[in-house]
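Let me begin by presenting the structure, written as structure tokens, before commenting on it.
The values are calculated or read from the model by the stated rules, or taken from the named source; none is laboratory data. Given the structure is predicted, the values throughout are model-derived calculations rather than measurements. Cβ atoms come from the backbone with ideal geometry, glycine included; neighbour counts cover every protein chain shown.
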Amino acid sequence: MRYSHNLIKSNKEAREFDTVNATLLQKGVFIDQTMAGVFAFLPLGLRVLQKIEQIIREEMDTIGAEVFLPALVPTKLWEQTGRFDTVDVLFKATPANAGSAKRNDATYVLNSTHEDTVAPIAGKYMLSYRDLPFAVYQIQTKFRNEERPKSGLLRGREFRMKDLYSFHASDEDREAYYEKAKEVYVRIFDRLGLGADTVIALASGGDFTDDYSHEFQTKLDTGEDTIYHDEKEDVFYNKEVASPELQKATEGIQVSEVGNIFPLGTKFTEAAEYMYTNEDGKQQPVYMASYGIGSSRIMGVLVEKFHDDRGIIWPANVAPFTVHLVGISGGDDAVTAKAEAVYEKLTAANVEVLYDDRADVSPGEKLGDADLVGCPWRAVVSGKTGDSIEIKQRTSDAMELVTIDDLITKLT
RNA sequence: CGGGGCGAGGUGUACUGGCUGCACGCACGGUUUGGGACCGUGUAGAUCGAGUUCGAUUCUCGGCGCCCCGACCA
């Protein structure tokens with residue numbers, strides 16, 4: 001992709017925030033804040049988000065089927081589960097033209113999560129023991145009216161999330177699937193570059209179950225949560241369930257929650273009057289669990305973890321582009337033509353390349369922007385590089401001159 | 001939701017009870033091109049309401065917005 005004509009910019013004068021992800025993502029114009037806790041994802045930012053979500057999708061496809069549920073739903077779905085008045089972050093929307101003669105004036109809910117929505121749908125079709133177990137997932141925008149959105153993408157009022165729901169004939173079967181889902185989650189965080197710093201912590205199961213829920217927590221100094229490590233059992237506990245003794249005996253670890261899995265029992269299936277018929281023709285309750293991953297929050301967490309004083313350092317799997325190609329022509333048309341040729345060849349070889357084709361922008365600014373944007377590789381074509389291309393990795397200062405064929409080999 | 005801070009061109013900021021200034025950006029012209037180039041000419045601004053005052057961007061109160069601390073996070 002070309003830098004020019006694609007809403008790819010840098011705004012290095014943008015204000016500094018207390019959280020790195022808010023500052024760098026806005027300086028790099030990956031995202032643009034529309035209001036507190038709500039961001040537009042611009043071309044660079046959307047590419048990163050989609051990379052993250054594609055990794056999640058590939059792994060989820062091994063244990064479920066993708067669906068796309070509505071974000072806007074009738075209040076009835078939330079009233080059925082008793083949550084319309086208890087979930088205080090719920091956005092309740094009444095159309096501005098409510099009351100006018102020809103318009104509906106109902107109140108709606110902007111879904112903060114989808115248990116209430118998916119259980120009635122599942123209960124309409126998956127009615128036999130032969131249908132169970134099964135799971136569906138989606139990757140969608142969620143709405144939560146947080147009292148205090150903060151920290152860039154770490155806590156928003158509108159954000160992206162993958163949510164998976166599994167349905168089972170028994171709690172034992174749910175437990176078996178649950179363990180499988182954990183393994184898939186571990187693979188996802190590995191692929192996202194967070195594996196080494198992400199642990200599973202036990203947390204409260206809330207109103208739904210006496211069991212623990214499980215949180216995937218990434219170690220992060222700027223994280224909002226605190227967990228404690230019981231070294232004897234080698235188990236991590238969220239602050240809310242860690243015993244006072246453990247909290248005294250060990251130091252808390254600052255973390256940010258990147259995923260959670262939650263046994264739900266039969267609360268939502270019962271509310272939806274969703275029963276299945278067993279082999280004996282008897283109606284039986286369906287057990288359910290939900291599994292979330294905050295994809296946009298992960299984008300923020302990655303920036304928090306992987307940056308230096310010059311900008312972002314994306315893990316290769318989620319970088320917006322593999323290589324940032326910088327043309328330094330000095331007004332020399334021959335050099336520009338060479339940079340164009342390199343761009344065309346890389347593109348033809350299916351290398352994801354961001355080509356900074358801006359004229360009249362100083363070399364320093366282009367190189368600075370490459371550091372800010374944070375692609376794994378930087379390639380420079382200039383009057384100094386002759387027939388070669390100078391390449392370096394974002395994480396190193398070591399430069400190397402290579403041919404276009406070498407470059408393609410290296411990057412594919 | 002409690003507490004604190006801040007609201008000025010597109011962005012970031014300074015001064016100021018009467019005339020708003022700077023930098024970046026953007027536009028035009030010219031010179032430049034390996035770590036955020038330079039000259040010139042332009043462009044564009046005081047969150048809203050009430051009060052005090054001859055006069056408010058400035059002072060007071062309130063609303064709204066944003067940032068930060070705390071609480072919350074199914």
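A few remarks follow.
- Annotation: residue A:17 fulfils all but one of (1) in contact with a helix residue (DSSP H, G or I) (Cβ under 8 Å, 6 or more places away or on another chain); (2) modelled with pLDDT of 95 or more; (3) in a loop (DSSP other than H, G, I, E, B); (4) of a type outside the set (Val, Ile, Thr); the unmet one is (2).
- Hits in the stretch A:290-330 (condition: more than 17 Å from the chain's Cα centre (by Cα), in a strand (DSSP E or B) and not acidic (Asp, Glu)): A:307, A:311, A:323, A:324, A:325, A:326, A:327, A:328
- The set of residues in the stretch A:287-346 being under 30 Å from residue A:139 (Cβ atoms) and either aromatic (Phe, Trp, Tyr) or in contact with a His (Cβ under 9 Å, 6 or more places away or on another chain) (or both) consists of A:287, A:288, A:289, A:290, A:291, A:306, A:313, A:314, A:321.
- Subset of the stretch A:174-208 that is away from RNA strand B (no atom under 16 Å from the Cβ) and outside any helix (DSSP H, G or I) - its residue that is nearest to residue A:246 (Cα to Cα): A:199
- Residue within the stretch A:331-348 that is in a loop (DSSP other than H, G, I, E, B) and touching a helix residue (DSSP H, G or I) at 6+ places or on another chain (Cβ under 8 Å) present: no
- Taken over the stretch A:76-86, the residue count meeting the criterion of being more than 16 Å from residue A:118 (Cβ to Cβ) and surrounded by 15 or more Cβ atoms within 10 Å (Cβ to Cβ) is 1.
- Of the numbered criteria (1) more than 18 Å from the chain's Cα centre (by Cα); (2) buried (at least 20 other Cβ atoms within 10 Å of the Cβ); (3) more than 26 Å from residue A:267 (Cβ to Cβ); (4) not β-branched (Val, Ile, Thr), the one residue A:30 fails is (1).
- Listed by position, the strands (runs of 3 or more DSSP E) inside the stretch A:31-103 whose residues that are under 23 Å from residue A:273 (Cα atoms) number at least 2 are A:72-74.
Here's the yes/no breakdown for (1) surrounded by fewer than 22 Cβ atoms within 10 Å (Cβ to Cβ); (2) free of Cβ contacts under 8 Å to residues at least 40 places away in the same chain:
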residue: A:340; (1), (2): yes, yes
residue: A:349; (1), (2): yes, no
residue: A:355; (1), (2): no, no
residue: A:361; (1), (2): yes, yes
residue: A:372; (1), (2): yes, no
residue: A:382; (1), (2): yes, no
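- Note on the stretch A:12-27: among residues that are surrounded by fewer than 13 Cβ atoms within 10 Å (Cβ to Cβ) and closer than 21 Å to residue A:149 by Cβ, the one that is farthest from RNA strand B (Cβ to nearest atom) is A:16.
- Total residues in the stretch A:2-30 satisfying the condition of being more than 22 Å from residue A:364 (Cβ to Cβ) and either touching a Ser or Thr at 6+ places or on another chain (Cβ under 9 Å) or free of Cβ contacts under 8 Å to residues at least 24 places away in the same chain (or both): the figure is 8.
- Residue within the stretch A:212-223 that is touching a helix residue (DSSP H, G or I) at 6+ places or on another chain (Cβ under 7 Å), more than 27 Å from residue A:183 (Cβ to Cβ) and part of a helix (DSSP H, G or I) present: no
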